[in-house]
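Data first, discussion second: the structure below is written as structure tokens.
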Amino acid sequence: MRLVTTWLVSTLCLASFVGVLGAANHASADASVIVLGLRSVEGDDDVANAVTDALRDAAHGVPGWQLLDRALSMAQMSLAHGCDDIDASCLSEIAKGLAVDRVVYGTVRRTSARAEYDYQLALSIFDASSGSMGSTETDIIPRGQAENPETLRPRAASLLGRLSGAGGGSLAIQVNVGTAEVRLDGQVVGQTRDHVLVLEGVAPGEHQVDIRAVGYGTFSQRVNVSSTGQSSVIATVSSVPAESAEEPGSQSNAYGTDATPHKKSLRWLGYTLLGVGGASLIGVAASWLVINGVNGNATFTKYSDRVSKDVPDICATAKAGMAYGASPQEVKDVVNMCRRGSTFEVLQWVFLGTALVSGGIGAYVLVTDKERTRDTTNADARATASTFALTPSFGRGSASLSARLAF
């Protein structure tokens with residue numbers, strides 16, 4: 001009985017030892033990995049942080065990876081190690097200091113300098129055991145999804161899967177143009193470089209591949225990806241006429257091309273001109289009131305009655321200093337009223353001309369208004385935008401008004 005008990009204890013101890021040894025060997029097989037905070041080229045730190053969080057969450061699910069949960073960024077580590085460039089030597093020092101086998105790092109940049117842009121993510125991995133800088137995977141993240149965890153998680157998982165080479169097959173895509181955007185099952189997975197893009201970690205099975213390039217048509221093909229070996233797609237995209245590349249409804253792409261025209265109406269110009277015409281009519285009325293006030297002034301009327309009816313210009317007589325029984329101050333007041341009345345007579349005609357011209361053109365624009373298409377990225381279209389100008393000119397005893405409308 002004692003011998004049997006000893007045998008059982010020995011067997012259990014041996015089994016426990018083998019289990020612990022197996023677990024230790026399994027743990028040692030996992031590579032320690034750190035995902036450093038991404039750097040934003042244009043300072044979009046919120047976007048960079050959101051993508052970094054999604055990558056760290058996804059890294060927990062990569063087979064063979066043991067994530068080091070430390071909130072460190074590449075900027076911090078390169079500064080701490082005095083790295084001027086992010087090269088193999090710098091990354092080796094970072095990996096050694098953190099005691100990790102692999103370092104994941106990358107950048108986020110805008111796809112365009114214009115108001116409409118998306119974000120391009122470039123993610124790289126460094127293998128400290130071999131001292132080699134691995135491949136770089138890219139992805140285009142729509143601006144509206146850049147800070148949404150629900151849409152970032154699957155993108156992050158796909159990127160890390162391709163970067164690690166785990167959990168899927170390999171797909172090589174070759175295109176007849178140097179740079180083209182590649183979509184896998186509707187999602188942008190990268191761009192070709194020198195005609196080629198290799199995707200790692202693609203789930204085995206059938207996938208839809210779509211390839212687009214600026215100035216070329218779209219190539220589409222179904223491909224079956226194997227879990228072993230490398231599948232391939234050889235694509236040929238054909239060039240298209242310039243007008244076809246800018247037809248209505250096209251969207252901004254990863255290269256910053258925005259060929260989305262929109263309609264522009266000139267009704268705003270018509271209403272503006274009618275408003276100018278209405279304001280000018282008010283000016284006509286105000287000028288008439290001023291002139292009428294001069295004619296009805298008691299001093300002016302009294303002087304006018306004293307001047308001979310044969311005198312054609314009372315104001316000229318007053319300016320000549322002919323009193324006709326009026327006091328010097330009264331003559332001076334008459335001269336001032338004459339100048340004022342003369343000024344507002346000119347303004348009255350200017351206001352009247354403005355009202356007629358702007359009101360007529362405004363009514364014409366509203367009646368004949370047609371929607372016009374204008375490409376907002378076309379500099380020539382911006383230079384020929386609709387303009388309207390009224391130019392009054394004054395001469396000695398005369399006034400004129402010129403109008404110019406360009407659309």
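Where a number appears in this text, it was derived from the coordinates with a stated rule and is not lab data. Predicted, not measured: the structure shown is a model, and the values here were computed from it. Cβ coordinates were reconstructed from backbone atoms using ideal geometry, including for glycine residues, and neighbour counts include every protein chain displayed.
Spacing of the modelled spin labels on Thr136 and Thr179, each 7 Å from Cα toward Cβ, amounts to 1.2 nm.
Extension gain for Arg306 to Met322 (0.36 nm times residue separation, less C-alpha to C-alpha distance): 4.7 nm. The calculated FRET efficiency for Ala203 paired with Ser265, based on their beta-carbon distance and R0 = 41 Å, is about 0.25. Computed from the C-beta positions of Asn292 and Gln329, the FRET efficiency with R₀ = 25 Å rounds to 0.60.
The H on the amide N of Ser112, modeled in the peptide plane, is under 5 Å from the matching H of Asp118, each at least 5 residues off or on a different chain. Sort out for me the Cα centre separation of segment 307-346 from segment 63-128, rounded to whole Å. Cα centroid to Cα centroid, the span is 89 Å. Sorting the segments 153-164, 59-70, 35-46 by their mean number of nearby beta carbons within 10 angstrom, highest to lowest, gives 153-164, 35-46, 59-70. Taking label points 7 Å from Cα along the Cα-to-Cβ direction, Arg153 and Ala172 give a separation of 3.6 nm. Site pair Asp87 and Thr218 shows an inter-label distance of 4.4 nm when each label is modelled 7 Å from Cα along Cα→Cβ.
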